[in-house]
Amino acid sequence: MARTVDWDGSDGGAVTAIDQRALPGEYRILRLATVDAVIAAIADLTIRGAPALGAAGALGVALAARRHPGDPGRVRAEAERVAAVRPTAVNLRRGVERALARLDDGADAVVAEACALLDEDEDTNRRLGRRAADLLTELCPGRPLRVLTHCNSGALATVAWGTGLGAVRELAGRGLVEEVLACETRPLLQGARLTVWELREMGVAHRLCVDSAGASAIARGLVDAVVVGADRVAANGDAANKIGTYALACAAAQSGVPVVVVAPDTTVDHATAAGADIVIEERAPDEVRAFAGVPTAPPDTPVYNPAFDVTPAALLAAVVTESATFRGGAWTGSPADALANAGSAWGSR
Ligand code: MRU
């Protein structure tokens, strides 16, 4: 599989992306040659998942720098447009800000910084996957695990490898996965379309369930651990992830099943004190009023369509990053990341 998002330096530069709207029916790579095309791809979830959004954000700035050399004001304006497309996943703005920080050094430096972010992604994900797998085997010792996951936190949600699903991939490599139960993830079916596609590619045993079956699967003892990614983790360990994660965590708490959030340091926002401070993206009503283009509700039905919810840290066994762990009400691990995050201006936006 190609990188989920990448830089193509030919013909003045472009962003390439696996078209996640087309999966699982078709695997195709798009070439996005304008900032507007990158913005549209982020908005319609051609590119989605927090770390992949971070990469797309950095690449969007690289594209802007290439298109408007000598006009830093225009590049900054374009960068802000990219950063504003989706508000919840902190990685998007972080990716934008990281590339933009090199603007004074010229377009080549901006492109190089964006490419460096991409190059780091797989290694970061492999490291956090190993740490999460170690913790999961500690929490659920002595047997291959039955894991429930929600949305898609795999390679498609990152540049490569994945976070939550990367931990599952690591566990599977150790022979420690019995089955993954994947929630379909209405309304846009990231679980059914993308996670199941990835699990098939990995050769990991899995079943798909409707979202409303997740809680009862946990209650019936079919799940050893819930493993998910995150779009933003607050300083107090509260975690925003795909809508429906909170309900699964409530069910898991009721049954004593551990919920582990797996995310890179760049998803932890120490400038956001608590989950209540996280802006939750609301998406278009038609995503709920229709299914695959077929109306499923009367036209103009008022809709509540939050893309994410917040799971309080109290319901989580742990948040695991590549360098830190939030467990039992406190962070342990690399203080460098906590300090860097706390000192950043954009973290509180
Ligand atoms: O709306 P999406 O598909 O971008 O939502 C993605 C999720 O909620 C993922 O679980 C999250 O970004 C973690 S991915 C490593």
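The values are calculated or read from the model by the stated rules, or taken from the named source; none is laboratory data. Quantities reported herein were computed from a predicted structural model and do not represent experimental measurements. A quick note on method: Cβ atoms are made from the backbone with ideal geometry, for glycine too, and the neighbour counts reach across all protein chains shown. When the accessible area is computed, the model is the full protein with side chains, heavy atoms only, and any ligands, DNA or RNA have been set aside. Shrake-Rupley method; radii C 1.70, N 1.55, O 1.52, S 1.80 Å.
I'd like to verify a number: residues in region 32-62 that are assigned to a helix (DSSP H, G or I) and open to solvent by 10 Å² or more (accessible area, probe 1.4 Å), how many?
The total comes to 6.
Can you tell me which residues in region 226-248 are among the basic types (K, R) and under 14 Å from F326 (Cβ atoms)?
Residue satisfying the conditions is R232 alone.
Restricting attention to region 144-158, and to residues there that are within 13 Å of the ligand (Cβ to nearest atom) and over 16 Å from G244 (Cβ atoms), which single residue is surrounded by the most Cβ atoms within 10 Å (Cβ to Cβ)?
Filtering first and then ranking leaves T158.
So which residues in region 28-59 are in contact with a strand residue (DSSP E or B) (Cβ under 7 Å, 6 or more places away or on another chain) and not polar (S, T, N, Q)?
I29, L30, R31, L32, A33, V38, A41, I47, A52, A55, A56, L59
Scan region 186-218 residue by residue and report those that are surrounded by fewer than 23 Cβ atoms within 10 Å (Cβ to Cβ) and acidic (D, E).
Residues satisfying the conditions are E201, D211.
Given the structure, is T301 assigned by TED's automatic domain parsing to the domain that holds V210, open to solvent by 50 Å² or more (accessible area, probe 1.4 Å) and not charged (D, E, K, R)?
No, not satisfied.
Against the condition open to solvent by 10 Å² or more (accessible area, probe 1.4 Å) and under 22 Å from S10 (Cα atoms), how does R76 come out, does it pass? First the steps, then the outcome.
Working: open to solvent by 10 Å² or more (accessible area, probe 1.4 Å): yes; under 22 Å from S10 (Cα atoms): no.
No, not satisfied.
When only residues in region 99-138 that are open to solvent by 60 Å² or more (accessible area, probe 1.4 Å) and in contact (Cβ under 8 Å) with a residue 60 or more places away in the chain count, which is nearest to A77 (Cα to Cα)?
Among them, the one singled out is R127.
T311: β-branched (V, I, T) and closer than 25 Å to D211 by Cβ, yes or no?
On the way: β-branched (V, I, T): yes; closer than 25 Å to D211 by Cβ: yes.
Yes, satisfied.
For region 159-185, which positions are open to solvent by less than 10 Å² (accessible area, probe 1.4 Å) and either out of contact with any Gly (no Cβ under 7 Å at 6 or more places or on another chain) or assigned to a helix (DSSP H, G or I) (or both)?
V159, G164, L165, G166, A167, V168, L171, V180
T267: touching a helix residue (DSSP H, G or I) at 6+ places or on another chain (Cβ under 6 Å), modelled with pLDDT of 95 or more and of a type outside the set (D, E), yes or no? Steps first, answer last, please.
Values: touching a helix residue (DSSP H, G or I) at 6+ places or on another chain (Cβ under 6 Å): yes; modelled with pLDDT of 95 or more: yes; of a type outside the set (D, E): yes.
Yes, satisfied.
If we scan region 95-108, do we find a residue that is outside any strand (DSSP E or B), assigned by TED's automatic domain parsing to the domain that holds A234 and closer than 16 Å to P51 by Cβ?
No; the residues of region 95-108 include none that is outside any strand (DSSP E or B), assigned by TED's automatic domain parsing to the domain that holds A234 and closer than 16 Å to P51 by Cβ.
For region 273-296: of the residues being open to solvent by less than 50 Å² (accessible area, probe 1.4 Å) and away from the ligand (no atom under 16 Å from the Cβ), which is nearest to the chain's Cα centre (by Cα)?
Per the stated criteria, the residue is A274.
Could you please tell me which pairs satisfy a Cβ distance under 7 Å, a separation of 6+ or placement on different chains, a first residue in region 36-56 that is assigned by TED's automatic domain parsing to the domain that holds L92, and a second residue that is open to solvent by less than 10 Å² (accessible area, probe 1.4 Å) and of a type in the set (D, E)?
Qualifying pairs under 7 Å: T46/D19.
Looking at region 15-31 only, could you name the residues that are outside any loop (DSSP other than H, G, I, E, B) and closer than 22 Å to A84 by Cβ? Spell out the reasoning first.
Of all residues in region 15-31, those outside any loop (DSSP other than H, G, I, E, B) come to 15-18, 29-31.
Result: V15, A17, L30.
Go through (1) small (G, A, S); (2) assigned to a helix (DSSP H, G or I); (3) out of contact with any helix residue (DSSP H, G or I) (no Cβ under 7 Å at 6 or more places or on another chain); (4) assigned by TED's automatic domain parsing to the domain that holds T267 and name the single condition A116 misses.
(4)
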